[in-house]
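The values are calculated or read from the model by the stated rules, or taken from the named source; none is laboratory data. Everything numeric here is computed off the predicted structure, so don't read it as measured data. So basically every Cβ, Gly included, is an ideal-geometry build from the backbone, and we count neighbours across all protein chains shown. Accessible surface is based on the protein model in full, side chains and every heavy atom, while ligands, DNA and RNA are left aside. Shrake-Rupley method; radii C 1.70, N 1.55, O 1.52, S 1.80 Å.
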Amino acid sequence: METLHSHKTHKPNYSGLGFGLAAFTLFAIIPVYVQLLKPLSGFTLLNQRILWSSLLLVTVLFFMGKLASSLRPMKNLKAWPGLIVGSLLVGLQWGIFVWAPLNGQTLGLSLGYFLVPLVMVFIGRVFLKEKLSPLKWLAILCAGFGVAMAFFQSGGLSWVVVLIAIGYPVYLMLRRIQVLPSASSFLIENLIL
């Protein structure tokens, strides 16, 4: 029988919050950093990203003893169409992420990424029949209002905004259908690219 004193108190784990903040900070800094590399083309920067990400991931997975298991999905021929399409979709997104700051499209890039969560909510609600609580609806309305204000201030939609706002959700839906561990899909997509 449990008593009031036998319950353990659970301390919240904030490591995910720290990783999230670090990721968002890097995500915000990279377009500025890319502009400092302006003599280099977006194509060169994209190729360097793919090359060094692949080498780093192969090395880490090798030393963790997980390289063979991460590459295993490549043995399944039925998985190849999804792997190729996923690689092309994510490669296009990465390319835009590097190209946009070099070509004065950083605002469009940002607006596209602001729209991604709203598009994902729309997909989840319409196609996956997910339910939303009143508080989540309020959050969506606030986010939608903020994004709409940003669009009015920026002059509207551009092809960069549309490609980001639609491209990532399509990629994420493909990843949902073709379930792969994150390290495996990231490695395979880099190797295919």
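With the contact rule set at Cα under 8 Å and sequence spacing of 6 or more, what percent relative contact order holds for the chain?
Values: 130 pairs, mean separation 68.9, N = 193.
Once normalised by length, the contact order is 36 percent.
Mean Kyte-Doolittle of at least -0.5 and a Cα length of 20 Å or more along the axis: which whole DSSP H helices of the chain meet both?
Membrane-span-like by this criterion, though nothing is claimed about a membrane: 15-36, 42-63, 80-102, 106-126, 134-154, 159-177.
Using the heavy atoms of the protein chains alone and a 1.4 angstrom probe, what is the accessible area of the chain per residue in square angstrom?
Normalised by residue count, the accessible surface of the chain is 68 Å².
Sorting check: for 160-167, 28-35, which peptide has the highest mean count of neighbouring beta carbons within 10 Å, and how do the rest follow? Before the final figure, lay out each step's value.
On the way: 160-167: 19.2, 28-35: 12.9.
Result, highest mean first: 160-167, 28-35.
Does segment 29-93 come out rounded, prolate or oblate, given a ≥ b ≥ c as the square roots of the eigenvalues of its C-alpha gyration tensor, rounded meaning a/c under 1.5 and, failing that, prolate meaning a/b above b/c?
Judged from the Cα gyration tensor, segment 29-93 comes out oblate (a/c at least 1.5, b/c at or above a/b).
By per-residue mean of other Cβ atoms within 10 Å, what is the highest-first order of 62-74, 124-136?
Order by mean packing, descending: 62-74, 124-136.
Taking a ≥ b ≥ c as the square roots of the Cα gyration tensor eigenvalues, with a/c under 1.5 meaning rounded and otherwise prolate when a/b beats b/c, else oblate, which class fits segment 121-193?
oblate
Find how many whole Å separate the alpha carbon centroid of segment 14-36 from the alpha carbon centroid of segment 105-146.
21 Å
Calculated from the structure, P(r) over Cα pairs in 10 Å bins from 0, in percent equals which of (1) 9, 26, 19, 15, 13, 9, 5, 3, 1, 0, 0; (2) 9, 34, 35, 14, 5, 2, 0; (3) 8, 25, 34, 22, 8, 3, 1, 0?
(3)
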